[in-house]
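The values are calculated or read from the model by the stated rules, or taken from the named source; none is laboratory data. Bear in mind the structure is a predicted one, so any value in this text is a computation, not a measurement. All Cβ positions, even for glycine, are placed from backbone atoms using ideal geometry, and neighbour counts span all protein chains on display. Heavy atoms of the whole protein, side chains included, go into the accessibility calculation; ligands, DNA and RNA do not. Shrake-Rupley method; radii C 1.70, N 1.55, O 1.52, S 1.80 Å.
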Amino acid sequence: MAEIRHAVMEDIPGLLLIYNEIIANSTAVYQDEPLSLDNRQAWFAARQQAGFPVLVAMDAGRVVGFSSFGEYRAFHGYRFTVEHSVHIAPDYRGRGLGGALLAGLLPLATSLGKHAMLGVIDADNAASIALHAKHGFVQVAHMPQVGFKFGRWLDAVFMQRLL
Ligand SMILES: CC(C)(COP(=O)(O)OP(=O)(O)OC[C@H]1O[C@@H](n2cnc3c(N)ncnc32)[C@H](O)[C@@H]1OP(=O)(O)O)[C@@H](O)C(=O)NCCC(=O)NCCS
């Protein structure tokens with residue numbers, strides 16, 4: 001069974017593999033081009049510097065999933081709200097890891113004094129919507145056609161949990 005722990009810089013190439021597979025093959029992330037290792041290393045360094053967590057699920061020395069949260073919006077009044085994400089490698093989905101990585105973020109957000117956690121999810125992503133509902137998130141917004149990928153408009157939903 002996979003182990004959940006805080007990420008270190010050496011995990012970032014494995015994390016990037018998962019992220020770029022999702023970018024290439026799904027609408028879960030509204031991004032068309034693969035991201036570079038430099039980009040994800042800078043992202044990780046920024047998360048660490050801001051005191052925000054990045055969790056990884058590890059199996060047999062391989063990164064098989066990750067989750068994180070960061071600032072929702074830069075305005076000071078939003079400082080008690082965070083936006084999170086969770087992604088699992090294709091061959092490790094449906095084994096409870098997404099749930100474990102999402103649940104792992106909640107006490108970390110609470111201990112940082114956060115009050116609200118938000119996920120922005122493609123409206124067609126039934127797996128992620130069900131995962132979030134199972135973990136106490138409720139849909140608070142449905143935003144039509146705010147994304148565009150694979151030649152079509154995409155609706156996003158916001159799912160929120162108060163901590
Ligand atoms: C969405 C995702 C994070 C779920 O993680 P996972 O490890 O596969 O999910 P889990 O095994 O922890 O499942 C937890 C719950 O999620 C829901 N769920 C997971 N996969 C599902 C599916 N294919 N269809 C419907 N519900 C699903 C179920 O409610 C499940 O609970 P149950 O097993 O008691 O029925 C994962 O499939 C993934 O990374 N997908 C691609 C990227 C992505 O969509 N990321 C989220 C962006 S918002």
Next item on the list: In whole Hz, with x marking every Gly and Pro, tabulate ³J(HN,Hα) for the range 67-84 from phi via Karplus 6.51 cos²θ - 1.76 cosθ + 1.60, θ = phi - 60°.
Entry: 8, 6, 9, x, 4, 6, 9, 6, 4, 4, x, 9, 5, 9, 10, 10, 10, 10
Notebook entry, point to check: To the nearest 10 square angstrom, how much accessible area does Tyr78 have with a 1.4 angstrom probe?
Noted result: 80 Å²
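222 nm [θ] for the chain, helices only, -39500 (n - 2.57) per DSSP H run of 4+, per residue, to 500?
Using -39500 (n - 2.57) per qualifying helix, the result is -10000 deg cm²/dmol.
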Margin query: If R₀ is 25 angstrom, what is the calculated FRET efficiency for the pair Asp155 and Lys134, using the beta carbon separation as r and rounding to 0.05?
Written below: 0.70
Check: In square angstrom, rounded to the nearest 10, how much accessible surface does Glu71 have for a 1.4 Å probe?
Finding: 120 Å²
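Give me the percent of accessible area attributable to carbon and sulfur for the chain, probe 1.4 angstrom. Could you put the intermediate results ahead of the total?
Details: 4730 of 8530 Å².
Carbon-and-sulfur percentage of accessible area, whole number: 55.
Could you put Lys114, Lys149 in order of accessible surface area, largest first, with the 1.4 Å probe and the full protein assembly present? Write down the numbers at each step before the final one.
Details: Lys114 40, Lys149 0 Å².
Accessible-area ranking of Lys114, Lys149, largest first: Lys114, Lys149.
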Notebook entry, point to check: So how much accessible area does Thr81 have, in Å² to the nearest 10, using a 1.4 Å probe?
Noted result: 30 Å²
Next item on the list: Report the label-to-label distance for His6 and Gln145 in nanometres (one decimal), using points 7 Å from each Cα along the Cα→Cβ vector.
Entry: 4.5 nm
Next item on the list: Starting at the first residue of the range 141-150, write each ³J(HN,Hα) from the Karplus equation 6.51 cos²θ - 1.76 cosθ + 1.60 with θ = phi - 60°, in whole Hz, x for Gly and Pro.
Entry: 7, 10, 10, x, 6, 8, x, 9, 7, 6
Margin query: Can you give me the long-range amide H partners of Leu154? Hydrogens built in the peptide plane at 1.01 Å from N, cutoff under 5 Å, separation of 5 or more residues or another chain.
Written below: Gln145, Val146, Gly147, Phe148, Lys149
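Starting from the residue with the highest accessible area, list Leu108, Leu118 in decreasing order, probe 1.4 Å. Write down the numbers at each step before the final one.
Numbers: Leu108 45, Leu118 10 Å².
Putting Leu108, Leu118 in descending order of accessible area: Leu108, Leu118.
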Margin query: Using the basic label-point model (7 angstrom from Cα toward the beta carbon), what is the Arg40 to Leu112 distance in nanometres?
Written below: 2.0 nm
